[in-house]
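Here is the structure we will look at, set down as structure tokens.
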Amino acid sequence: MSQKLVVIGAGMASGRMLEELFDLDADGYDVTLFGAEPRGNYNRIMLSPVLSGEKSYDEIITHDADWYAANNVTCRFNEAVVKIDRKARRVISAGGVTEYDKLVIATGSASFFIPVQGNDLPGVIGFRDLDDVEAMLQAANKPNGKAVIIGGGLLGLEAAAALNEQGMQVTVLHLMGHLMERQLDPAAGYLLQKELESRGIRVICNAHTNAIVGDGKVEAVLLEDQSTHPADIVVMAAGIRPETRLGIESGLHTERGIVVDDGMQTSDPDILALGECVEHDGVVYGLVAPLYDMAKVLARTLTDEVAAFKAPEVSTKLKVTGVDLFSVGDFGDEHEEIVFRDPGLGVYKRITLKDDRIVGLVMYGDTSDSNWFFDKLKTGEDISDIRGTLIYGSAAAGVDPMAAIAAMPDDSEICGCNGVCKGTIVTAINGGATDLGAIRAVTKASASCGSCTGLVEQVLASTLGDDFVLPAAGGICGCTDLTHEDIRQIIKSRELKTIPALMQEAGWKTSCGCHVCRPALNYYMIAEWPLEYADDLQSRFVNERNHANIQKDGTYSVVPRMWGGMTTADELRAIADAADKYNVPTIHVTGGQRIDLLGVQRADLPDMWADLNAAGMVSGHAYSKGLRTVKTCVGTDHCRFGTQDSTGLGIKLEKLLWGSWTPHKVKLAVSGCPRNCAEATCKDLGVICVDSGYEVSVAGAAGMELKQTEALAKVATEQEVMDLAVAFIQLYRERAAYLARPYKWVAKVGMDWVIEQIVDDVENRAALVERFEISQSVYRKDPWAEQATPEYQEHKWADLADLTLEAAQ
Amino acid sequence: MSNWIDIAALDDIPLRGARVVKSHAGCVAVFRTAEDRVFAIDDTCPHKKGPLSEGIVHGDAVTCPLHNWVIDLETGMAKGADEGRVNTYEIKVEDGRILLDGARLLARSAA
């Protein structure tokens with residue numbers, strides 16, 4: 001005699017379960033199938049192609065009326081079960097009462113609607129079923145329709161690509177820093193974003209939705225940064241929520257999902273559950289492969305076989321035509337990784353290894369070997385023998401180290417000094433200029449400052465192939481073979497505005513760099529894109545992150561700024577008070593004319609800064625690769641020999657330059673007469689006042705090396721001094737390698753060239769000053785005031801937790 | 001036996017960053033890598049006791065801010081030519097919360 005089986009939910013999980021069940025025992029159960037949708041089971045995964053128009057609904061039906069009839073399934077579609085009466089073993093729906101011997105809950109999940117005002121406006125839709133798809137298609141019918149997708153995960157991006165395909169203007173708002181952050185690392189996320197943007201889809205990461213607005217229907221989405229994004233429809237793709245209402249109301253053990261054991265049984269032995277509505281071993285699943293495994297197990301449990309569900313490895317593939325992307329396993333930082341990038345083709349592959357076995361894999365741009373790798377991951381094959389060529393996949397294909405250069409379009413500028421593009425150089429090479437000297441003679445490329453020499457050589461190499469032998473040039477660290485100059489030029493000419501973008505396009509050999517390259521790249525981004533790039537504190541050395549100098553015992557030194565070396569009795573009192581209050585063991589007068597408070601505890605930094613701020617003082621940046629001090633003498637104010645107001649000029653210079661980031665530290669001095677009490681002639685930039693004006697010299701050194709400055713120009717006014725100083729520092733900021741002091745950089749480019757750039761070329765000087773000022777609009781501010789706030793106290797300065805307060809067990 | 005203590009939300013630690021948990025056994029640095037993996041190790045470099053929590057995090061390693069020793073977060077071992085290791089502690093993330101195994105950290109306080 002057959003038992004009564006009631007199934008709630010006619011989706012993919014229950015559909016597969018019924019197939020398995022009928023295979024095992026076609027007559028064991030009388031099945032009644034409830035479905036909230038007015039239709040039977042279809043392949044929900046293929047909704048994206050239906051949305052994009054690549055498939056029709058009929059093509060994605062998996063179980064049609066004939067199938068249900070042939071298997072004697074009583075279909076109750078368009079009829080939601082509202083209650084489970086466990087005692088009487090029956091379910092209640094619009095059509096009445098249905099009894100069961102065994103009940104299967106497969107209610108799936110619903111779109112998670114982010115809790116903001118307006119999320120219930122007409123036009124705000126999820127992306128779960130055919131009704132959602134039809135609502136979206138209707139909106140797409142309207143000319144110039146605008147769609148905003150909230151959520152840049154798998155589902156959101158499929159919806160975005162499909163609606164874009166349907167002719168809508170699509171904007172994707174994503175809360176995290178890069179797309180599909182659960183499946184992809186930043187490099188692959190960057191490539192994906194680039195691809196979607198090239199199709200006309202707008203992508204905004206770090207987008208915090210504030211509200212959805214509209215009068216009677218949705219009209220726009222408002223972000224926290226106050227930007228507004230017009231929308232005819234808003235698609236919620238910010239995640240799914242297991243549909244557990246029936247489980248909770250009937251008193252089944254329910255956490256995030258309805259809790260099931262290995263046999264898919266709930267806390268009631270007559271009720272089983274599977275699919276997206278269940279939680280197994282603390283995990284809720286949203287991909288189809290594990291759901292099918294559940295179906296297999298549940299069917300066996302129903303037929304009294306012993307079967308156990310085991311959490312499988314799940315892989316992800318994005319179903320967007322023309323985007324090849326694959327992600328599986330643990331792509332976090334395991335012990336080791338192998339990374340392959342082909343910037344020319346936009347390919348990124350990353351394998352993570354643990355004990356000579358593949359544990360994770362991310363592929364973008366070329367997924368042809370994904371199954372080959374996935375297989376090795378699943379079987380846990382020892383790959384130590386093939387490790388050398390593993391990343392090239394089954395075919396062990398070759399790799400082109402010149403790819404970054406070869407990928408540059410002909411109109412990208414190689415030589416910034418003389419405005420020479422790659423195409424001009426290639427033409428010259430083809431015309432017979434086959435070495436660096438000849439290129440310089442014919443095109444002038446790399447004939448001025450020479451910082452693009454490496455790139456010119458690589459253009460030679462990629463054009464001539466084997467006929468050119470590249471002189472060995474050292475990469476900046478183990479992560480790349482490129483030099484600082486190469487990197488700066490690539491950032492500029494390819495307009496790369498994030499570190500992951502640069503690492504991808506320049507073929508970085510590691511996934512997120514190292515302590516050598518990251519600070520350099522962060523600086524280059526700041527220098528090149530001051531308004532667009534967000535300073536990455538985690539790519540900074542501790543001193544620049546904590547705005548104080550770390551000492552050998554882990555304490556810090558604090559140096560407030562004394563403009564031009566001037567101070568007041570009030571400032572000195574405030575410094576003395578701070579020294580007392582925070583138990584400063586050592587107070588030292590520095591060579592840069594200010595006071596160093598040494599031995600400060602990290603936890604005291606923000607409070608001490610707040611005290612110093614209150615007395616009108618700001619950070620002296622004594623810890624930064626940036627402007628340190630402008631040392632002065634007292635000049636005409638007091639000195640018998642003073643010729644100009646050296647203190648006043650020093651203060652003006654310091655107020656102009658403070659807060660700026662530079663490749664290495666920068667120190668200035670202004671002396672009021674040639675006796676040079678401020679020691680201006682061993683600084684990065686020094687000014688000597690004379691009766692007729694000011695002598696400006698640069699590129700001195702008084703550290704590891706001792707070097708006198710070289711004359712830059714003699715000028716008549718303070719304004720000219722300031723313009724020259726700013727232009728020199730900006731030129732240094734734009735051209736020098738990270739951690740090269742100005743004297744080293746000038747030795748490389750030549751003093752003549754520097755004079756040409758900023759003394760002779762007045763227009764260029766003005767342009768440099770302007771670019772510096774743009775950057776300073778962001779960075780001329782006091783980091784102490786910024787970080788001495790309750791918010792920073794909570795998120796940065798405070799301990800994460802204090803276990804000394806916990807009782808021992 | 002493990003003694004999981006909920007110490008903070010994952011988001012309380014910056015990506016590629018670390019923060020410190022105080023205990024009677026000393027400070028423990030809790031790291032969050034670029035891919036949201038978490039690690040807990042003693043906040044004391046085996047070389048000259050530098051605060052590892054202030055180092056630059058790259059891959060599954062941190063560079064000590066004092067003398068650039070690179071410490072493997074998973075094993076606590078110094079990488080490259082340097083030799084030394086720091087204690088590691090069991091740690092995991094559940095539902096966006098960081099759970100640290102207090103078994104050793106609390107036990108020592110009782111001793």
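Give the stretch B:14-25 a look and list any residue that's assigned to a loop (DSSP other than H, G, I, E, B) and at the interface with chain A (Cβ under 7 Å from one of its Cβ atoms), or say none.
Within the stretch B:14-25, the subset assigned to a loop (DSSP other than H, G, I, E, B) is B:14-16, B:23-25.
The answer is B:P14, B:L15, B:R16, B:S23, B:H24.
Could you list, ordered by first residue, the pairs with Cβ atoms under 8 Å in which the first is in the stretch B:47-64 and facing chain A (nearest Cβ under 8 Å) and over 15 Å from A:C514 (Cα atoms) and the second is crowded, with 24+ Cβ neighbours inside 10 Å and small (G, A, S), at least 6 apart or interchain?
These pairs meet every condition: B:P51/B:A29.
Residue by residue, here is whether (1) out of contact with any Asp or Glu (no Cβ under 9 Å at 6 or more places or on another chain); (2) within 14 Å of chain B (Cβ to nearest Cβ) holds:
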residue	(1), (2)
A:P585	yes, no
A:H588	no, no
A:G599	no, no
A:R602	no, yes
A:W609	no, no
A:V618	no, no
A:T629	no, no
A:C633	yes, no
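From the list A:A737, A:A808, which one is more than 14 Å from chain B (Cβ to nearest Cβ), over 23 Å from A:A713 (Cβ atoms), part of a loop (DSSP other than H, G, I, E, B) and modelled with pLDDT under 95? Even if it seems obvious, please write down each step before you answer.
Working: A:A808 fails: more than 14 Å from chain B (Cβ to nearest Cβ).
Going through A:A737, A:A808 in turn, the sole match is A:A737.
Do you know which of the residues in the stretch A:319-342 that are surrounded by 23 or more Cβ atoms within 10 Å (Cβ to Cβ) and more than 14 Å from chain B (Cβ to nearest Cβ) is modelled with the lowest pLDDT?
Within the stretch A:319-342, the match that is modelled with the lowest pLDDT is A:V320.
Are there any strands (runs of 3 or more DSSP E) wholly within the stretch A:633-721 with 2 or more residues that are among the β-branched types (V, I, T), and if so which? First the steps, then the outcome.
Values: elements: A:666-671, A:685-690, A:693-698, A:710-715.
Per the criteria, A:666-671, A:685-690, A:693-698.
Quick check on my filter: what residues within the stretch A:511-570 are polar (S, T, N, Q) and in contact (Cβ under 8 Å) with a residue 40 or more places away in the chain? Spell out how you get there, then give the answer.
Just the residues of the stretch A:511-570 that are polar (S, T, N, Q), to begin with: A:511, A:522, A:538-539, A:543, A:546, A:549, A:551, A:555, A:557, A:567-568.
A:S511, A:S539, A:N543, A:N546, A:N549, A:Q551, A:T555, A:S557 - these are the residues of the stretch A:511-570 that are polar (S, T, N, Q) and in contact (Cβ under 8 Å) with a residue 40 or more places away in the chain.
Check whether at least one residue in the stretch A:752-759 is surrounded by 14 or more Cβ atoms within 10 Å (Cβ to Cβ), within 14 Å of another protein chain (Cβ to nearest Cβ) and in a helix (DSSP H, G or I), and report yes or no. Even if it seems obvious, please write down each step before you answer.
Quick first cut of the stretch A:752-759, residues surrounded by 14 or more Cβ atoms within 10 Å (Cβ to Cβ) only: A:753-759.
In the following step, the residues that additionally are within 14 Å of another protein chain (Cβ to nearest Cβ) were identified as none.
Scanning the stretch A:752-759, I find no residue that is surrounded by 14 or more Cβ atoms within 10 Å (Cβ to Cβ), within 14 Å of another protein chain (Cβ to nearest Cβ) and in a helix (DSSP H, G or I), so the answer is no.
Step by step: first the residues of the stretch A:343-377, then only those that are assigned to a strand (DSSP E or B) and surrounded by fewer than 18 Cβ atoms within 10 Å (Cβ to Cβ), then the one that is nearest to the chain's Cα centre (by Cα). Which residue is that? Reasoning before the result, please.
From the stretch A:343-377, those assigned to a strand (DSSP E or B) are A:347-354, A:357-364; that's our starting set.
Filter once more, keeping what is surrounded by fewer than 18 Cβ atoms within 10 Å (Cβ to Cβ): A:354, A:357.
On the way: A:K354: 25, A:R357: 28 Å.
Once the filter is applied, the top-ranked residue is A:K354.
Answer yes or no as to whether A:T510 is surrounded by fewer than 24 Cβ atoms within 10 Å (Cβ to Cβ), touching a helix residue (DSSP H, G or I) at 6+ places or on another chain (Cβ under 6 Å) and farther than 25 Å from A:S777 by Cβ.
Details: surrounded by fewer than 24 Cβ atoms within 10 Å (Cβ to Cβ): yes; touching a helix residue (DSSP H, G or I) at 6+ places or on another chain (Cβ under 6 Å): no; farther than 25 Å from A:S777 by Cβ: yes.
Taking the combined requirement at face value, the residue does not satisfy it.
Condition check ((1) modelled with pLDDT under 95; (2) closer than 30 Å to B:V21 by Cβ) across all residues:
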{"position": "A:W753", "(1), (2)": "yes, no"}
{"position": "A:V759", "(1), (2)": "no, no"}
{"position": "A:A767", "(1), (2)": "no, no"}
{"position": "A:Q776", "(1), (2)": "no, no"}
{"position": "A:Q793", "(1), (2)": "yes, yes"}
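When the residues of the stretch A:525-563 are filtered to those that are facing chain B (nearest Cβ under 8 Å) and β-branched (V, I, T), which remaining residue is farthest from the chain's Cα centre (by Cα)?
A:I550
Of the residues that sit in the stretch A:239-255 and are part of a loop (DSSP other than H, G, I, E, B) and within 14 Å of chain B (Cβ to nearest Cβ), which one is farthest from A:G282 (Cα to Cα)?
Narrowing the stretch A:239-255 to residues part of a loop (DSSP other than H, G, I, E, B): A:239, A:243-244, A:250-253, A:255.
Still in the list and also within 14 Å of chain B (Cβ to nearest Cβ): A:239, A:255.
On the way: A:G239: 18, A:E255: 8 Å.
Ranking the qualifying residues of the stretch A:239-255, first place goes to A:G239.
Given (1) closer than 18 Å to A:K55 by Cβ; (2) without any contact (Cβ under 8 Å) to a residue 12 or more places away in the chain, where does A:D120 come up short, assuming only one miss?
Going through the list (1) closer than 18 Å to A:K55 by Cβ; (2) without any contact (Cβ under 8 Å) to a residue 12 or more places away in the chain, A:D120 breaks only (1).
Across the stretch A:172-214, which residue is surrounded by the most Cβ atoms within 10 Å (Cβ to Cβ) among those that are part of a helix (DSSP H, G or I) and among the hydrophobic types (A, V, I, L, M, F, W, C)?
Of all residues in the stretch A:172-214, those part of a helix (DSSP H, G or I) come to A:186-198.
Applying the additional criterion that residues be among the hydrophobic types (A, V, I, L, M, F, W, C) yields A:187-188, A:191-192, A:196.
On the way: A:A187: 25, A:A188: 27, A:L191: 25, A:L192: 25, A:L196: 22.
Of everything passing the filter in the stretch A:172-214, A:A188 is surrounded by the most Cβ atoms within 10 Å (Cβ to Cβ).
Residues of the stretch A:219-238 being part of a strand (DSSP E or B), closer than 18 Å to A:C205 by Cβ and touching a helix residue (DSSP H, G or I) at 6+ places or on another chain (Cβ under 6 Å), which ones?
A:V235
Looking only at the stretch A:256-272, decide whether some residue is part of a helix (DSSP H, G or I), over 26 Å from A:G126 (Cα atoms), of a type outside the set (F, W, Y) and touching a residue at least 60 places away in the same chain (Cβ under 8 Å).
Within the stretch A:256-272, the subset part of a helix (DSSP H, G or I) is none.
So far as the stretch A:256-272 goes, no, none of its residues is part of a helix (DSSP H, G or I), over 26 Å from A:G126 (Cα atoms), of a type outside the set (F, W, Y) and touching a residue at least 60 places away in the same chain (Cβ under 8 Å).
Quick one: in the stretch A:611-642, which of the residues that are hydrophobic (A, V, I, L, M, F, W, C) and surrounded by fewer than 21 Cβ atoms within 10 Å (Cβ to Cβ) is farthest from the chain's Cα centre (by Cα)?
Start the filter on the stretch A:611-642 by keeping residues that are hydrophobic (A, V, I, L, M, F, W, C), which leaves A:612, A:614-615, A:617-618, A:622, A:627, A:630, A:633-634, A:639, A:641.
Now restrict to residues that are surrounded by fewer than 21 Cβ atoms within 10 Å (Cβ to Cβ): A:614-615, A:618, A:634, A:639, A:641.
On the way: A:A614: 36, A:A615: 38, A:V618: 31, A:V634: 49, A:C639: 55, A:F641: 57 Å.
My answer is A:F641.
Given the conditions (1) part of a strand (DSSP E or B); (2) crowded, with 23+ Cβ neighbours inside 10 Å; (3) more than 7 Å from chain A (Cβ to nearest Cβ), report the number of the one that B:D6 does not fulfil.
(2)
Tell me which residues, restricted to the stretch A:13-38, are buried (at least 17 other Cβ atoms within 10 Å of the Cβ) and closer than 16 Å to A:R76 by Cα.
A:S14, A:G15, A:L18, A:V31, A:T32, A:L33, A:F34, A:G35, A:A36, A:E37
Tell me yes or no: at least one residue of the stretch A:128-142 is surrounded by 14 or more Cβ atoms within 10 Å (Cβ to Cβ), over 45 Å from the mean Cα position of the chain (by Cα) and under 30 Å from A:D270 (Cα atoms).
No, the stretch A:128-142 has no match at all.
Which one of these is modelled with pLDDT of 95 or more and more than 7 Å from chain A (Cβ to nearest Cβ): B:D43, B:D95, B:D11?
Working: B:D95 fails: modelled with pLDDT of 95 or more; B:D11 fails: modelled with pLDDT of 95 or more.
After applying the criteria, what remains is B:D43.
What number of residues in the stretch A:511-524 are more than 15 Å from A:Y190 (Cβ to Cβ) and either more than 12 Å from every other protein chain (Cβ to nearest Cβ) or not in a loop (DSSP other than H, G, I, E, B) (or both)? Before you say what the answer is, go through the steps one by one.
Filtering the stretch A:511-524 down to residues more than 15 Å from A:Y190 (Cβ to Cβ) leaves A:514-520, A:522-524.
Filter once more, keeping what is either more than 12 Å from every other protein chain (Cβ to nearest Cβ) or not in a loop (DSSP other than H, G, I, E, B) (or both): A:517-520, A:522-524.
The number of residues fulfilling the criteria is 7.
Report yes if some residue within the stretch B:26-39 is among the small types (G, A, S), more than 8 Å from chain A (Cβ to nearest Cβ) and more than 24 Å from A:G177 (Cβ to Cβ); otherwise report no. Steps first, answer last, please.
At the first step, the residues of the stretch B:26-39 found to be among the small types (G, A, S) are B:26, B:29, B:34.
Filter once more, so that each one left must be more than 8 Å from chain A (Cβ to nearest Cβ): B:26, B:29.
Then keep just the ones that are more than 24 Å from A:G177 (Cβ to Cβ); that gives B:26.
Checking the stretch B:26-39: at least one residue is among the small types (G, A, S), more than 8 Å from chain A (Cβ to nearest Cβ) and more than 24 Å from A:G177 (Cβ to Cβ).
Yes or no: A:T498 at pLDDT 75 or above, polar (S, T, N, Q) and under 14 Å from A:C517 (Cα atoms)?
Working: at pLDDT 75 or above: yes; polar (S, T, N, Q): yes; under 14 Å from A:C517 (Cα atoms): yes.
Answer is yes for this residue.
For the stretch A:143-167, enumerate the residues that are in contact with a strand residue (DSSP E or B) (Cβ under 6 Å, 6 or more places away or on another chain), part of a helix (DSSP H, G or I) and crowded, with 23+ Cβ neighbours inside 10 Å. Reasoning before the result, please.
Start the filter on the stretch A:143-167 by keeping residues that are in contact with a strand residue (DSSP E or B) (Cβ under 6 Å, 6 or more places away or on another chain), which leaves A:146-150, A:152, A:156, A:159-160, A:163-164.
Add one more test, that the residue is part of a helix (DSSP H, G or I), and what stays is A:156, A:159-160, A:163-164.
The answer is A:G156, A:A159, A:A160, A:L163.
Give A:C477, A:C517 a once-over and let me know the one that is closer than 22 Å to A:E457 by Cβ and modelled with pLDDT of 90 or more. Talk me through it step by step, then tell me what you get.
Numbers: A:C477 fails: modelled with pLDDT of 90 or more.
From the options A:C477, A:C517, the qualifying one is A:C517.
Output the residue which, of all residues in the stretch A:765-788 that are surrounded by 14 or more Cβ atoms within 10 Å (Cβ to Cβ) and under 27 Å from B:A8 (Cβ atoms), is nearest to the other protein chains (Cβ to nearest Cβ).
Selected residue: A:Q787.
The values are calculated or read from the model by the stated rules, or taken from the named source; none is laboratory data. The structure displayed is predicted, hence computed values, not measured ones. Please note: Cβ atoms are built from the backbone with ideal geometry, for glycine as well, and neighbour counts cover all protein chains shown.
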